[in-house]
Amino acid sequence: MTAELTAAVTRDARIVGVGHSPVGNLPDLGPLQLQRLAALAALDDAGLALADVDGLLTTPLRVTNWAMPCGVVAEGLGLQPRYLATLDVAGASGAAMVHHAAMAIATGQCETVLCVAGQNLLTHSTRGAAVQTMAEAGWAHPQFESPYGPMIPTLYALLAQRHMHEYGTTPAQLAEVAAAMRHHAALTPGAHKREPITVADVLASRMVTSPFHVLDCAIVSDGAAAIVVSNAARARDRRKRPVRVLGQGYGFSHTYIGEHAGITTTGAVQSGRDAFAQAGVTPADIDVAELYDCFTITVIVELEDLGFCPKGEGGRFVEGGAIRVGGRLPVTTHGGLLSYAHPGLAGGMFHVIEAVRQLRGEAGERQVADAELVLAHGNGGIIGLHCTLVLGKD
């Protein structure tokens, strides 16, 4: 597909509403209730109603087996959309849903798409069941790997260990990512974890899988998020200033990390290159980067692969408060998966929501002054699937 054609896909699309449910420990709310709260919040933000929605995108759930998630959500919300689908690009789904909505609008299939996902990932089951799920997620050859049970943190730890070996990245540099995310979450009302932490706190926390301490790893939360994407004509009279999708890109390097030849480089190289080219900007033009942060190493590698710093320099890049609000590149300003919330596939949607709020000037204490261009990036699987959005004011 030519650059001109890919740009045409997003030219008519605008993000007109964002919203979410409460996040954290919510034992009285199930997946559909959480998604309804998020959907209604996003529609209210846009000044729209459920009756205005003619497109629906959602994701699978990890807590229950909905055979047709988009159908379950459509019925639960009382929708009869002209376009609906269930999308699964793992943690990249949040960014990818926005692009898929833009494509549906570009083809004239619908005018207003509701993207919604979420679940009660924290309170739906027992700790043991959650560990079992994590132990199964990265299996390439379960007959061999199942007896040893490598969990998701262990698989990401392979990336961290190799990055430390090749480039001298240190545990303290990883810990600075966690401390920066908690600093941002403390500035974000309703965040799941708001208690301040320091680099020393991270390094003193329980070791999970070398080199990750527990505070190097994403939290687990209940919650849901929603984004409303509309065509330009419908966006003109909305309640708040629309946000444009200026560029997008996808990247893929592997399905299972054991099959990736060079694990310190990810598909973000490809997704970022394509998104920047379509938007006609460079990494130096970005004011805020909302980077997927399931583990501290992920942020460091994404900074490199998206072009914000040379390969191997990510650890040094984050030092000294450089990625905090007020630093040279504010990163994941709501607190991300490490501190704000991680309810599964909906987790990456919060990065897009925060990007929109930064562009609208609605981020309160964590607002980045004069934010004109914001990047939102999602990572799925074990650093295998990537989607990048470059967003700007309309």
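The values are calculated or read from the model by the stated rules, or taken from the named source; none is laboratory data. Remember, predicted model here, so these are calculated numbers, not experimental data. Counting neighbours? That spans all protein chains shown, and the Cβs are built from the backbone with ideal geometry, glycine included. Surface areas here come from the heavy atoms of the whole protein model, side chains and all, with no ligands, DNA or RNA. Shrake-Rupley method; radii C 1.70, N 1.55, O 1.52, S 1.80 Å.
Among the residues that make up the stretch 85-103, is at least one of them farther than 24 Å from residue 351 by Cβ and either of a type outside the set (Phe, Trp, Tyr) or in a strand (DSSP E or B) (or both)?
No, the stretch 85-103 contains no residue that is farther than 24 Å from residue 351 by Cβ and either of a type outside the set (Phe, Trp, Tyr) or in a strand (DSSP E or B) (or both).
I'd like to know if the stretch 348-359 contains one or more residues that are in contact (Cβ under 8 Å) with a residue 40 or more places away in the chain, assigned to a helix (DSSP H, G or I) and open to solvent by 10 Å² or more (accessible area, probe 1.4 Å). It would help to see each step written out before you state the result.
Filtering the stretch 348-359 for residues in contact (Cβ under 8 Å) with a residue 40 or more places away in the chain gives 348-359.
Going one step further and asking which of them are assigned to a helix (DSSP H, G or I), we end up with 348-359.
Now restrict to residues that are open to solvent by 10 Å² or more (accessible area, probe 1.4 Å): 357.
Yes, the conditions are met somewhere in the stretch 348-359.
Hey, among 164, 181, which residue is open to solvent by 30 Å² or more (accessible area, probe 1.4 Å) and not charged (D, E, K, R)? None of the other options fit; the residue is 164. The set of residues in the stretch 184-213 being crowded, with 21+ Cβ neighbours inside 10 Å and either closer than 21 Å to residue 312 by Cα or of a type in the set (Asp, Glu) (or both) consists of 212 alone.
Counting only helices (runs of 4 or more DSSP H) that fall entirely inside the stretch 148-256 and contain at least 3 residues that are within 23 Å of residue 26 (Cβ to Cβ), the qualifying elements are 171-186. How many of the residues making up the stretch 361-394 are outside any strand (DSSP E or B) and either among the hydrophobic types (A, V, I, L, M, F, W, C) or open to solvent by less than 20 Å² (accessible area, probe 1.4 Å) (or both)? Here the count works out to 8. For the stretch 308-342, which residues satisfy the criterion of being closer than 21 Å to residue 366 by Cβ and either part of a helix (DSSP H, G or I) or modelled with pLDDT under 95 (or both)? Listed by number, the residues that qualify are 317, 319, 320, 321, 336, 337, 338, 339.
Evaluated against (1) under 25 Å from residue 35 (Cβ atoms); (2) at pLDDT below 90, residue 116 falls short on exactly one condition, (2).
Restricting the stretch 35-51 to residues that are in contact (Cβ under 8 Å) with a residue 24 or more places away in the chain and not in a helix (DSSP H, G or I) leaves a set whose member that is farthest from residue 61 (Cα to Cα) is 47. Out of 43, 29, one residue alone is of a type in the set (A, V, I, L, M) and open to solvent by 30 Å² or more (accessible area, probe 1.4 Å). It is 29.
Could you list all residues from the stretch 368-394 that are among the polar types (S, T, N, Q) and more than 16 Å from residue 243 (Cα to Cα)?
Keep residues of the stretch 368-394 that are among the polar types (S, T, N, Q), which gives 379, 388.
Scanning the stretch 368-394 gives a single hit, 379.
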